[in-house]
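Student: Please see the structure below; I have some questions.
The values are calculated or read from the model by the stated rules, or taken from the named source; none is laboratory data. Only a predicted model underlies this, so the values are computations on that prediction, with no experimental measurement involved. As a convention, Cβ positions derive from the backbone with ideal geometry for all residues, glycine included, and neighbour counts pool all protein chains shown.
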């Protein structure tokens, strides 16, 4: 149900914006996660898994050494195979669980993201806008096994000395790693099978309303013609500059606006000037919106 | 009196879209607090009142968003609302079941239902496996050299063509005192798990590699059956194999069917798009595969322990036969009443889509 819609303003991540229609019919804007952040998340997860596996193995080895020492001192020597065998079983189960349970546990959690994905600010979601189910998460993670680890198995089963094995393994790896680059939504094989996708999960604070100072009805009254030159894109850029509140940027923007509308701005404090212009421009544009007239940016006409 | 006057002056000074925001801000903040707690997994700390209000608040904020889009040009507020509605949507439509709850539903009928849902692919998988065993037998019967090509064997493996019946008998009896069974079982499990996951995952290359993998694996069984048949040990070998084989081959059979299910829905998606068809089949198959992993654990335990401890043909046949009967009953007789309920549920869900 994901469709691309025409968005009135210019966007920072053009091409990755999607609108999902939820079951209640709310149009929900989503941004497909950038491929770079997905790779970053994957590398983070893998490094974490390998570190845990490495530390766990060392721990078990130390334990085995300790057990062997104890047996050497007190035992009859017959216990050694049983004890070591038990540790090997523990290790095999540990590494198996680590590989499968890590992804399942975190992606089934309320955040829908592994630790790496959380860091990258992305999460998984159902592509049809419905509920994300346990089956979907299982399906996409089973597929990860062949996408990532299959070449390693292939090479080790044929033999590291064989060049065809390396060629086939590399081709396999490249095919699955590049798959997300060949579809619009950056789906890997597991996402296709499971009906999921990876999207950005932004968390934002509610910022204060734009300060509306006494200047609205004060010294700066702009005429209709002076306000008509800019559109929504410029308004929102101005909003960002006012929120960032950097003196140098405000001075240059004030100068640019002054030059454009033909008003001398020398000696006037930039902040009240820009606040007044912002408020009056926004009032004008929002009134236009209610009348069904929108002006996307300074290049477009009265309505678009 | 003074406060009313003050708020009046403020509202007079504000933009209409800011007034809209200030009137609704409290609801937004409340939803944000609930959603943040839910994201941190602290559902227990949310009061019942808040939890009941969540769906209503979600809809309220979603409608605030669509109104704000129509009347407001405050980019910060719009972005905040978009992010908030998205997070609330993830909470309301996130995975509802925890791993434990899912497991209960899964073992209590969900698994058998998805196995039955594979339909004709079960038949295909079974036929391909029988054909594979036949091919293995016929190839080796035609030319024993095929045996070495089909069966991967170590240097010390005595199970080769030309081995005497006594040697072959030794390979299937008399290991009850052996050590190293636990580690062996764990190794077998992780190896078998890989083969079945492969059979499943390769399904999305339209199922063809799955077919090849099934044939290759059952051809080994066919070739070994021929070998023991030549030594007059057919029943003993079948019994030896059946202890874990009825479970293990059943698991491979299911994973093959799951792989073929995906392959077939992608090759013949019908009126759906290829991706939708693949996703539908993928979800059903994933249920089956989660169960296959469980079956392989059972098979590895049977192979590592039961087979070595029970050292006679009749006992082995009894265990293998019981396991086969158990799986058949579980998959094809258990939870049939649930099918109708599930079908009706799906039908009702479709009505509202």
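Student: Mind telling me which of the residues B:274, B:298, B:292 ends up being within 14 Å of chain A (Cβ to nearest Cβ) and under 18 Å from the mean Cα position of the chain (by Cα)? Write out each step before concluding.
Tutor: On the way: B:274 fails: under 18 Å from the mean Cα position of the chain (by Cα); B:298 fails: within 14 Å of chain A (Cβ to nearest Cβ).
Going through B:274, B:298, B:292 in turn, the sole match is B:292.
Student: Among the residues of region A:180-193, write down those that are part of a helix (DSSP H, G or I) and more than 11 Å from chain B (Cβ to nearest Cβ). Spell out how you get there, then give the answer.
Tutor: So in region A:180-193, the residues part of a helix (DSSP H, G or I) come out as A:180-182, A:189-193.
Scanning region A:180-193 gives A:180, A:181, A:182.
Student: Is it the case, given these coordinates, that residue A:246 is more than 10 Å from every other protein chain (Cβ to nearest Cβ) and surrounded by 18 or more Cβ atoms within 10 Å (Cβ to Cβ)? If you could, list the steps in order and put the result at the bottom.
Tutor: Numbers: more than 10 Å from every other protein chain (Cβ to nearest Cβ): yes; surrounded by 18 or more Cβ atoms within 10 Å (Cβ to Cβ): no.
No, not satisfied.
Student: What number of residues in region B:108-124 are more than 13 Å from every other protein chain (Cβ to nearest Cβ) and either surrounded by 21 or more Cβ atoms within 10 Å (Cβ to Cβ) or assigned to a helix (DSSP H, G or I) (or both)? First the steps, then the outcome.
Tutor: Within region B:108-124, the subset more than 13 Å from every other protein chain (Cβ to nearest Cβ) is B:108-109, B:112, B:115-116, B:118-124.
Keeping just the survivors that are either surrounded by 21 or more Cβ atoms within 10 Å (Cβ to Cβ) or assigned to a helix (DSSP H, G or I) (or both) gives B:108-109, B:112, B:115-116, B:118, B:120-124.
Count: 11.
Student: Taking region A:107-155 as the search range and keeping residues that are in a loop (DSSP other than H, G, I, E, B) and more than 9 Å from every other protein chain (Cβ to nearest Cβ), which one is nearest to residue B:83 (Cα to Cα)? Show your work before the answer.
Tutor: Of all residues in region A:107-155, those in a loop (DSSP other than H, G, I, E, B) come to A:109-114, A:121, A:127-133.
If we keep only those that are more than 9 Å from every other protein chain (Cβ to nearest Cβ) as well, we get A:113-114, A:121.
On the way: A:113: 16, A:114: 20, A:121: 12 Å.
Looking at the filtered set, the residue picked out is A:121.
Student: Can you pull out every residue in region A:249-298 that is free of Cβ contacts under 8 Å to residues at least 24 places away in the same chain, under 27 Å from residue B:71 (Cα atoms) and not in a helix (DSSP H, G or I)?
Tutor: Answer for region A:249-298, where residues must be free of Cβ contacts under 8 Å to residues at least 24 places away in the same chain, under 27 Å from residue B:71 (Cα atoms) and not in a helix (DSSP H, G or I): A:291, A:292, A:293.
Student: Answer yes if at least one residue in region A:89-106 is part of a loop (DSSP other than H, G, I, E, B) and either surrounded by 16 or more Cβ atoms within 10 Å (Cβ to Cβ) or within 14 Å of another protein chain (Cβ to nearest Cβ) (or both), and no otherwise.
Tutor: As a first pass, look at region A:89-106 and keep what is part of a loop (DSSP other than H, G, I, E, B): none.
So far as region A:89-106 goes, no, none of its residues is part of a loop (DSSP other than H, G, I, E, B) and either surrounded by 16 or more Cβ atoms within 10 Å (Cβ to Cβ) or within 14 Å of another protein chain (Cβ to nearest Cβ) (or both).
Student: Would you say residue B:73 is closer than 23 Å to residue A:198 by Cβ and not assigned by TED's automatic domain parsing to the domain that holds residue B:295? Spell out how you get there, then give the answer.
Tutor: Details: closer than 23 Å to residue A:198 by Cβ: no; not assigned by TED's automatic domain parsing to the domain that holds residue B:295: yes.
No; evaluated as a whole, the condition is false for this residue.
Student: Keeping to region B:17-59, report how many residues are surrounded by 16 or more Cβ atoms within 10 Å (Cβ to Cβ) and within 28 Å of residue A:279 (Cβ to Cβ).
Tutor: Qualifying residue count for the region: 7.
Student: Among (1) closer than 19 Å to residue B:220 by Cβ; (2) within 14 Å of another protein chain (Cβ to nearest Cβ), which single condition is residue B:249 missing?
Tutor: Residue B:249 satisfies every listed condition except (2).
Student: Need pairs with beta-carbon distance below 7 Å; first residue not assigned by TED's automatic domain parsing to the domain that holds residue B:259 and within region B:129-146, second at pLDDT 90 or above; sequence gap 6+ or separate chains.
Tutor: Filtered contacts from region B:129-146: no entries.
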